[in-house]
Amino acid sequence: MDIDRSLEIRADAVARICLELKSLLADVFVLYLKTKNFHWHMRGPHFHDYHLLLDEHADQLFAMTDEIAERSRKLGGATLRSIGDIARHQRLKDNDKERVPAEMMLTELLADNQSVTTYLRSAHEVCESSNDVATVSLIENWIDQTERRCWFLAEITEAE
Ligand SMILES: [Fe+2]
């Protein structure tokens, strides 16, 4: 029986997908560290709740990193190698400010998680048009998790 070559992931598509995944991984590391930063430096009357919420979000983000990196390797591509490599690929901005009020922390995390949702949707398009159904399926889960973080952050910031 002949193999339908039209269903294969072409080499140029692999390169595009792995580049998408590399940028995505850089952003997820940036958001992971920012979420931990705000978890560590949280202050104010809601310290306990926010401190715990951000730790939960950081755990989800950290779990994503290995899945993103290993997906590239499964496709035969490379992934990030260093902190410098993260800095070269990140689209999200760091926040090195000494004092950030609690509400501003949550507002910024909401905006960053919304940006990640957009990046995920754009990566989804690239993978879908290249027959990469496995990455598509992973991305759909990551979008759902990211939208859950957005939901929690939006409910808190709107109530503030
Ligand atoms: Fe902690």
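The values are calculated or read from the model by the stated rules, or taken from the named source; none is laboratory data. Please read all numbers here as calculations on a predicted model, not as lab measurements. Note: ideal-geometry Cβ built from the backbone for every residue, glycine included; neighbour counts use all protein chains shown. Heavy atoms of the whole protein, side chains included, go into the accessibility calculation; ligands, DNA and RNA do not. Shrake-Rupley method; radii C 1.70, N 1.55, O 1.52, S 1.80 Å.
Structural remarks
- Residue, farthest from MET105 (Cα to Cα), within region 64-77, restricted to residues that are surrounded by 13 or more Cβ atoms within 10 Å (Cβ to Cβ) and among the small types (Gly, Ala, Ser): GLY77
- Note on region 1-92: enclosed helices (runs of 4 or more DSSP H) holding 2 or more residues that are within 22 Å of LEU120 (Cβ to Cβ) and within 16 Å of the ligand (Cβ to nearest atom) are 11-41, 47-74.
- Some residue of region 147-157 being polar (S, T, N, Q), assigned to a helix (DSSP H, G or I), more than 16 Å from the chain's Cα centre (by Cα) and closer than 30 Å to GLY44 by Cβ: yes
- Restricting region 142-160 to residues that are at pLDDT 95 or above and open to solvent by 90 Å² or more (accessible area, probe 1.4 Å), the residue that is farthest from GLN60 (Cα to Cα): GLU155
- Region 78-93 residues that are modelled with pLDDT of 95 or more, paired with ones that are among the small types (Gly, Ala, Ser) (beta carbon under 6 Å, 6 or more apart): THR79/ALA69; THR79/SER72; ILE86/ALA26; HIS89/SER23; HIS89/ALA26; GLN90/ALA26
- Counting the residues of region 115-137 that are open to solvent by 50 Å² or more (accessible area, probe 1.4 Å) and either touching a helix residue (DSSP H, G or I) at 6+ places or on another chain (Cβ under 6 Å) or not in a helix (DSSP H, G or I) (or both) gives 3.
- Within region 1-23, the set of residues being exposed (fewer than 13 other Cβ atoms within 10 Å of the Cβ) and of a type in the set (Asp, Glu) comprises ASP2, ASP4, GLU8, ASP12.
- For PRO101, the conditions (1) out of contact with any Asp or Glu (no Cβ under 9 Å at 6 or more places or on another chain); (2) under 15 Å from LEU24 (Cα atoms) all hold with the exception of (2).
- The set of residues from region 24-60 being polar (S, T, N, Q) and surrounded by fewer than 21 Cβ atoms within 10 Å (Cβ to Cβ) comprises ASN37, GLN60.
- Scanning region 93-108 for residues that are in contact with a Ser or Thr (Cβ under 6 Å, 6 or more places away or on another chain) and either closer than 28 Å to CYS18 by Cβ or buried (at least 18 other Cβ atoms within 10 Å of the Cβ) (or both) turns up just one, LEU106.
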